[in-house]
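The next block holds one structure in the form of C-alpha cells; read it before the comments.
The values are calculated or read from the model by the stated rules, or taken from the named source; none is laboratory data. All figures in this text were calculated on a predicted structure; none of them were measured in a lab. For neighbour counting, all protein chains shown are included, and Cβ atoms are generated from backbone atoms with ideal geometry for every residue, glycine included.
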Amino acid sequence: MISRAQRCRRAITHSGASRRDHSLYIGRMWVWNALGFLGGVLAVALTSYVSITVNRRKMDADTQARWEAALFEKSSQLAEAARSLRHHAEQYADSGDKQLCRDRMDSAQEKLRVAVEQLRLVGDRRVQVAARTVKLHAWAVFQQGVDGRDPRAASFPDTEPIGRLNDALQEFYRAVRRQLRAPDAEDVLHDDDLDRRAERPQAPAQRAESA
C-alpha cells in the first residue's frame with residue numbers, strides 16, 4: 001500500500017514535471033515563433049536587396065544607353081558638318097554661285113563648332129581632342145577652298161589640309177567607336193583608302209566579296 005505521504009510526493013513530482021514540460025513547450029514555441037519572424041524579416045530584406053540591385057542596374061544601363069545615344073548623335077552631326085564643309089570647299093573655286101557656296105560653308109562651320117562643344121559634354125578625353133582636331137583642319141580646308149591659302153602650312157608642310165582633315169576624321173571615328181565599345185573599334189578605313197578603292201576597278205571576285 002502506498003502511504004498518503006508517498007502519494008503526495010508523487011503528486012508534487014508529477015506537478016513539477018508538468019510545469020517543466022509546459023515551460024519547455026512555451027520555450028520551444030517562442031523559439032519557433034522567433035525563427036519564423038526572423039525568417040520573414042530576412043526574406044523581406046533579401047527581396048528588397050534584389051529588387052534595389054536590379055532596379056539600380058537597370059537605371060545604370062538606361063543612363064549609359066542615353067549617354068551612348070547622345071554621343072552617337074553628336075558625333076554623326078560633327079562628321080556630317082565636316083564632310084559638308086570639305087565638299088563645298090572643294091567645289092568653291094568652280095562654283096557658279098560662290099555666295100551660295102560660301103553660305104553653305106559658313107553654315108557647316110557653325111554646325112561643326114556646335115557639335116565640338118556638345119561633344120565636350122558626352123565624349124571622353126580622346127573624343128574631345130579628336131573633335132577639336134577635326135575642327136582645326138576643317139577650318140584650314142575652308143580657307144584653302146576660299147583663297148587657295150593653307151593657313152597652317154608652316155606647321156604641316158608635308159600634308160595638304162584635306163589630307164590632314166581625313167587623318168583627323170579617321171582618328172575621330174576610332175575614338176568614338178572605342179567609347180561606344182564597338183567591336184574592332186580601331187578598324188576604320190581611311191578616306192584615302194576609300195578613294196583608292198573607288199578609283200581602282202575591282203575584279204569580279206572582289207566585287208562579290210564586297211557585296
On the basis of being under 12 Å from Trp139 (Cα atoms), in a helix (DSSP H, G or I) and not acidic (Asp, Glu), does Ala81 make the cut? yes
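Table: residues versus (1) at pLDDT below 95; (2) assigned to a loop (DSSP other than H, G, I, E, B).
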residue: Phe156; (1), (2): yes, yes
residue: Thr159; (1), (2): yes, yes
residue: Ala168; (1), (2): no, no
residue: Arg178; (1), (2): no, no
residue: Glu186; (1), (2): yes, yes
residue: Arg196; (1), (2): yes, no
residue: Pro201; (1), (2): yes, yes
residue: Ala205; (1), (2): yes, no
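Taking the criterion of being among the hydrophobic types (A, V, I, L, M, F, W, C), surrounded by 11 or more Cβ atoms within 10 Å (Cβ to Cβ), out of contact with any Pro (no Cβ under 9 Å at 6 or more places or on another chain) and modelled with pLDDT of 70 or more, would at least one residue in the stretch 86-93 satisfy it?
Of the residues in the stretch 86-93, the ones among the hydrophobic types (A, V, I, L, M, F, W, C) are 89, 93.
Filter once more, so that each one left must be surrounded by 11 or more Cβ atoms within 10 Å (Cβ to Cβ): 89, 93.
In the following step, the residues that additionally are out of contact with any Pro (no Cβ under 9 Å at 6 or more places or on another chain) were identified as 93.
After this cut, where a residue has to be modelled with pLDDT of 70 or more as well, the list is 93.
So far as the stretch 86-93 goes, yes, one or more of its residues are among the hydrophobic types (A, V, I, L, M, F, W, C), surrounded by 11 or more Cβ atoms within 10 Å (Cβ to Cβ), out of contact with any Pro (no Cβ under 9 Å at 6 or more places or on another chain) and modelled with pLDDT of 70 or more.
Among the residues of the stretch 106-144, what is the count of those that are over 23 Å from Phe156 (Cα atoms) and in a helix (DSSP H, G or I)?
Matching residues across the stretch 106-144 total 14.
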